[in-house]
Amino acid sequence: MPSAERISSLNLYTCHLNNFIYFCSRFKSLDFLMKHLIYLAISCTIICAVAYITTSCNAETQASDTSDNVITEVDSIVVVPEEPMFLPDTAYPSVENLKYSITIFDSVTSGELLYTDDAYADAPGIFTFRGNPFRNASFCGHIDSIPTDIDIDWTFVTDFDTVKTSFGQWGGGTGWTGQPLYVEWNDSMTQEFRQKSDSLTSNFGSKEIIVSSLCGMLYFINYETGKASRKPIDVQNPIKGTGMIDPALNGNYYIGQGIPKRRPIGALVVDLFEHKVSDIFPEDPNAWRNWSAYDASPLIVGDFLFRIGENGTVYKYTREKGNIKLHSTLRYSKKDDSAGGMESSMAVYKNYGYTTDNHGNILCINLNNLEPVWHYDNHDDTDATPVLELEDGIPYLYSGCEMDRQGGEGISFLVKLNALTGERIWEQQIECKKMILGGKHFDGGMYSTMLPGIGNCSDLIFTNICTNDPPAAGNFYAISKATGEIVYSKKLKHYAWSSPVAIMNDKGEMLVLTCDCVGHIYIFDGKTGEILITKLIGINFESSPIVIDNHIVIGSRGTDIYKLTIR
């Protein structure tokens with residue numbers, strides 16, 4: 001059997017060869033390749049030499065054993081290559097459907113990601129929409145037994161904005177997607193807030209809920225008591241989307257304004273230590289679409305902040321405490337179309353980012369350089385955030401659209417794509433209609449973000465669809481991850497934009513909680529679709545909830561933020 005030193009040498013030089021192949025896939029310059037051809041030749045020579053030595057040692061051992069009529073088993077050597085940190089810098093033919101422009105604003109700072117680890121994996125709370133870069137709702141509740149009721153623990157009341165704008169009156173509470181964020185500050189952070197901020201109330205504690213409201217206020221709520229833990233921050237314009245707490249715990253909170261009640265409108269950085277808006281990125285004169293709202297929840301990947309806008313632009317920033325600096329942008333559209341706005345949040349796997357827009361584009365982007373990797377046309381307005389799932393080591397992307405550009409009747413197209421190539425695995429078509437109410441039209445289709453099943457439902461994925469057939473109708477669906485087949489559908493009392501969340505019991509059985517746009521909360525047995533609880537609580541739950549143990553926090557249109565207990 002070869003010595004440990006020889007095995008180590010073989011592994012080392014095999015890694016060198018793998019690295020060379022990987023570098024060749026990422027760099028295209030002739031000079032780089034010429035320089036490394038010599039490296040390859042030397043590495044191959046050394047590998048051959050080590051292999052010869054190893055073979056000779058084995059031959060000597062076998063010859064010696066044979067002379068003594070003794071047969072000795074030789075341990076097999078399995079070299080398992082490490083999974084590469086980065087996915088290749090490549091472009092599939094589907095990218096030819098696009099026109100796009102990449103602009104570098106900071107030529108000094110390299111755009112290469114130094115690492116692609118999940119920045120939210122160790123976050124003490126729920127820091128972004130759906131909890132992580134996969135957007136697959138990593139937070140999950142727990143209940144000991146079959147739920148029998150839902151109680152209201154507390155109700156926090158926001159301001160109500162009565163100003164009438166050209167886009168309507170927005171009131172208060174939370175809208176779509178409007179997910180609360182939850183954080184458990186450690187002792188040092190709690191002490192630092194107490195020392196630096198004069199905004200804290202007597203109800204400030206280590207467990208805090210942060211809510212961005214349609215009334216244009218950022219609210220801080222004691223998770224235990226439901227009382228204001230800090231003074232609110234006036235961010236001037238209504239906020240519909242979900243913010244993001246920087247997982248580096250540097251005090252940065254990122255949020256985008258949703259409606260231009262007043263100018264400027266744009267994307268904000270809030271310094272939680274100074275308790276103020278510390279940076280604003282206003283209207284972008286170079287954007288391909290003239291609408292500067294930001295409903296998407298940003299993400300941290302490596303050392304960069306990624307934010308996508310309804311102006312059709314992907315923004316990449318470097319960041320520090322209190323502010324951000326623009327590094328580069330990607331602007332794109334289909335060749336035969338104008339730019340679409342991105343209301344959904346970006347999902348990320350390693351260095352690939354995935355966006356959808358209101359023209360039906362699903363786009364995979366290499367976050368190292370913002371180059372498109374692949375493009376998929378999903379027909380229509382896609383506001384629901386795409387969801388990633390690893391299945392047998394392969395990342396898959398789940399997405400679904402509305403029926404906005406199809407007329408009065410149409411199809412919500414639900415798809416599963418290979419996230420590496422954009423290849424479609426399956427497509428499910430659900431018929432929908434538009435609804436006209438009060439002179440406004442409400443599109444059918446999927447607004448909620450899909451929820452991948454776990455436990456006894458690991459073969460399913462769940463979502464809400466606005467069918468509007470009859471008007472204001474909606475269904476809850478369980479769909480096979482493998483085939484796209486509808487396993488079951490359950491009629492809701494009203495259509496739902498809110499995204500479902502998971503609750504597990506002690507037996508590993510999955511329950512699903514979802515909310516509709518009249519204010520009902522439902523709890524389903526995920527496997528069978530049996531409705532265990534239906535309860536009217538709010539006025540209009542457009543927002544998505546979070547679940548902590550057997551507690552739910554969710555905002556309603558109007559003024560009310562709720563903490564609920566499932567019992």
Q) Restricting region 510-534 to residues that are in contact with a Leu (Cβ under 9 Å, 6 or more places away or on another chain) and of a type in the set (D, E, K, R), which is nearest to residue 296 (Cα to Cα)? A) 516
Q. Are there any strands (runs of 3 or more DSSP E) wholly within region 198-256 with 3 or more residues that are crowded, with 24+ Cβ neighbours inside 10 Å and basic (Lys, Arg), and if so which?
A. none
Q | Residues of region 405-414 satisfying the condition of being buried (at least 20 other Cβ atoms within 10 Å of the Cβ) and touching a residue at least 40 places away in the same chain (Cβ under 8 Å) | A | 412, 414
**Q.** Residue tally, condition surrounded by 22 or more Cβ atoms within 10 Å (Cβ to Cβ) and over 18 Å from residue 250 (Cβ atoms), over region 164-181
**A.** 10
(Q) Regarding region 428-443, can at least one residue be identified that is out of contact with any Lys or Arg (no Cβ under 6 Å at 6 or more places or on another chain), closer than 20 Å to residue 388 by Cα and surrounded by 23 or more Cβ atoms within 10 Å (Cβ to Cβ)? (A) no
Q: Being of a type outside the set (A, V, I, L, M), closer than 30 Å to residue 293 by Cβ, part of a strand (DSSP E or B) and touching a Lys or Arg at 6+ places or on another chain (Cβ under 8 Å) is the filter here, so list the residues in region 157-197 that pass it.
A: 161, 165, 170, 171, 173, 182
Q) Do we find a residue being touching a Gly at 6+ places or on another chain (Cβ under 9 Å) and of a type in the set (A, V, I, L, M) anywhere in region 526-534? A) no
(Q) Exactly one condition in (1) of a type outside the set (Ser, Thr, Tyr); (2) surrounded by fewer than 24 Cβ atoms within 10 Å (Cβ to Cβ); (3) over 15 Å from the mean Cα position of the chain (by Cα) is false for residue 351; which is it? (A) (3)
**Q.** Any chance residue 449 is surrounded by fewer than 16 Cβ atoms within 10 Å (Cβ to Cβ) and within 25 Å of the chain's Cα centre (by Cα)
**A.** no
Q) Taking the condition within 26 Å of the chain's Cα centre (by Cα) and closer than 21 Å to residue 126 by Cβ, does residue 563 pass? A) yes
Q) So, of the residues in region 520-560 that are closer than 15 Å to residue 497 by Cβ and among the small types (Gly, Ala, Ser), which turns out to be nearest to the chain's Cα centre (by Cα)? A) 544
Q) Taking region 452-479, which residues are of a type in the set (S, T, N, Q), more than 21 Å from the chain's Cα centre (by Cα) and surrounded by fewer than 18 Cβ atoms within 10 Å (Cβ to Cβ)? A) 456
Q: Report whether or not residue 550 is surrounded by fewer than 23 Cβ atoms within 10 Å (Cβ to Cβ), in contact with a Cys (Cβ under 8 Å, 6 or more places away or on another chain) and either of a type in the set (S, T, N, Q) or within 18 Å of residue 142 (Cβ to Cβ) (or both).
A: no
Q. Can you name the residue in region 143-163 that is surrounded by 16 or more Cβ atoms within 10 Å (Cβ to Cβ) and closer than 16 Å to residue 509 by Cα and, of all such residues, is farthest from the chain's Cα centre (by Cα)?
A. 147
Q: Could you pull out every one of the strands (runs of 3 or more DSSP E) wholly within region 403-508 that has 2 or more residues that are touching a Gly at 6+ places or on another chain (Cβ under 7 Å)?
A: 409-418, 424-433, 460-466, 486-491, 501-504
Q) For region 372-393, does any single residue satisfy the condition of being over 21 Å from residue 483 (Cβ atoms), at pLDDT 95 or above and surrounded by fewer than 18 Cβ atoms within 10 Å (Cβ to Cβ)? A) yes
Q. Quick one: is residue 335 touching a strand residue (DSSP E or B) at 6+ places or on another chain (Cβ under 8 Å), surrounded by fewer than 18 Cβ atoms within 10 Å (Cβ to Cβ) and closer than 26 Å to residue 218 by Cβ?
A. no
Q. Do you know which residues across region 228-239 are in contact with a Ser or Thr (Cβ under 7 Å, 6 or more places away or on another chain) and either without any contact (Cβ under 8 Å) to a residue 24 or more places away in the chain or not polar (S, T, N, Q) (or both)?
A. 228, 230, 231, 239
Q: Consider residue 363 carefully, then state whether it is at pLDDT 95 or above, under 23 Å from residue 426 (Cα atoms) and touching a strand residue (DSSP E or B) at 6+ places or on another chain (Cβ under 6 Å).
A: yes
Q: Say whether the condition of being modelled with pLDDT of 95 or more, in contact with a strand residue (DSSP E or B) (Cβ under 7 Å, 6 or more places away or on another chain), among the charged types (D, E, K, R) and farther than 24 Å from residue 347 by Cβ is met by at least one residue in region 415-431.
A: yes
Q | Residue identified as at pLDDT 95 or above and over 30 Å from the mean Cα position of the chain (by Cα) among 202, 206, 197 | A | 202
Q. Which one of these does residue 356 not meet: (1) of a type outside the set (Phe, Trp, Tyr); (2) under 30 Å from residue 411 (Cα atoms); (3) surrounded by fewer than 23 Cβ atoms within 10 Å (Cβ to Cβ); (4) in contact (Cβ under 8 Å) with a residue 24 or more places away in the chain?
A. (3)
Q) If you check 181, 200, which single one turns out to be touching a residue at least 60 places away in the same chain (Cβ under 8 Å) and aliphatic (A, V, I, L, M)? A) 181
Q | Of all residues making up region 315-345, the number that are part of a loop (DSSP other than H, G, I, E, B) and farther than 22 Å from residue 249 by Cβ | A | 10
Q) For region 386-402, which residues satisfy the criterion of being small (Gly, Ala, Ser) and either outside any loop (DSSP other than H, G, I, E, B) or under 19 Å from residue 464 (Cα atoms) (or both)? A) 399, 400
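The values are calculated or read from the model by the stated rules, or taken from the named source; none is laboratory data. In this text, all values refer to a predicted model and were calculated from it rather than measured experimentally. Positions of Cβ are backbone-derived with ideal geometry, glycine not excepted, and every protein chain shown enters the neighbour counts.
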